[in-house]
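Working notes, beginning with the structure itself.
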Amino acid sequence: METPELFDAILADLSRALKQVDATQVEDLQEAILSAERIFIAGKGRSGLQMKAFAMRLMHLGLTVHVVDDVTTPSVADADLLLIGSSSGRTASLLRHVATAQAIGASIATVTGNLESPIAASAKTLVHIPATNFKSGANHGEDSVLVMGSLFEHCLGLLCDLLIIRLKHAFGVDESAMNARHANLE
């Protein structure tokens, strides 16, 4: 395929997957974020990178947010939200985070590609991105030109951006306030 055709195919894949995301689930996740005292963000691999970018934007909005596994992350409490981005919903270290947060009484939320996963089963709030095929036991984008789990990961990033737009309006935060919180030690 030539570059223009690949761009068209990628955009079609993203559009197809994102149009299947349940808007009510997105609204529920927004409410979970709004009602949390603090938000703890977790994910591994490329999904983890998307979640770290989301954590940065939540900080730009003025929320108290921490990335799990960072050396400055405090202990989770019962008024907090643990938000996990995981295509498989089966990553062992993330399951340990869920168990710890549940034992404390924190709320669990996930954005996942696998509704039949242990993390999905543990989550009070769930957003399903139908961008992963687990029938064969493999983690591949379903009928996507994108390789491996890239369809889920790109959709996760775009869904997080959508949430930031919604939260920006919910809080009445303007871009200048967000920019004022942007890192200046670069």
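The values are calculated or read from the model by the stated rules, or taken from the named source; none is laboratory data. None of the values given here were measured: they were computed from a predicted structure. Don't worry about glycine lacking a Cβ; one is built from the backbone with ideal geometry, like all the others, and counts go over all protein chains shown. Surface accessibility is based on the protein's heavy atoms, side chains included, excluding ligands, DNA and RNA. Shrake-Rupley method; radii C 1.70, N 1.55, O 1.52, S 1.80 Å.
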What nm distance separates the two modelled labels at ARG96 and LYS52, each placed 7 Å from Cα along Cα→Cβ? 1.9
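Going through the DSSP H helices of the chain, which span 20 Å or more along their own axis at the Cα atoms while scoring at least -1.0 as a mean Kyte-Doolittle hydropathy? Can you show the working numbers first?
Working: long enough: 3-18 (22 Å, 0.61); 45-60 (23 Å, -0.09); 150-171 (31 Å, 1.14).
Span-like helices in the chain: 3-18, 45-60, 150-171.
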Give me the percent of accessible area attributable to carbon and sulfur for the range 1-157, probe 1.4 angstrom. 54
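Show me the ranking of peptides 1-12, 91-102 by mean Cβ neighbours inside 10 Å, starting with the highest. Working shown, then result.
Details: 1-12: 10.8, 91-102: 16.4.
Ranked from most to least packed, the peptides come out as 91-102, 1-12.
Using a 1.4 angstrom probe, figure out how much accessible area the chain has per residue, in square angstrom, rounded to the nearest whole. Mind dumping the intermediate values first?
Working: 9810 Å² over 186 residues.
Computed with neighbouring chains in place, this is 53 Å² per residue.
Please report the relative contact order for the chain, taking Cα pairs under 8 Å with a sequence separation of at least 6, and give it as a percent rounded to a whole number.
Working: 303 pairs, mean separation 45.7, N = 186.
Relative contact order here is 25 percent.
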Summing -39500 (n - 2.57) over every DSSP H run of at least 4 residues in the chain and dividing by its residue count gives a helix-only mean residue ellipticity at 222 nm, to the nearest 500 deg cm²/dmol, of -15500 deg cm²/dmol
Using volume of the Cα convex hull per residue in Å³ as the read-out, say which of [x] 159; [y] 131; [z] 106 was calculated from these coordinates. [y]
Suppose we keep just the DSSP beta bridges with both residues in the chain; what percent of those would be antiparallel, to 5? 5
Lys and Arg at +1, Asp and Glu at -1: neighbours of THR64 with Cβ under 11 Å from its Cβ sum to -1
Order of 23-34, 79-90, 47-58 by packing, highest average Cβ count within 10 Å first? 79-90, 47-58, 23-34
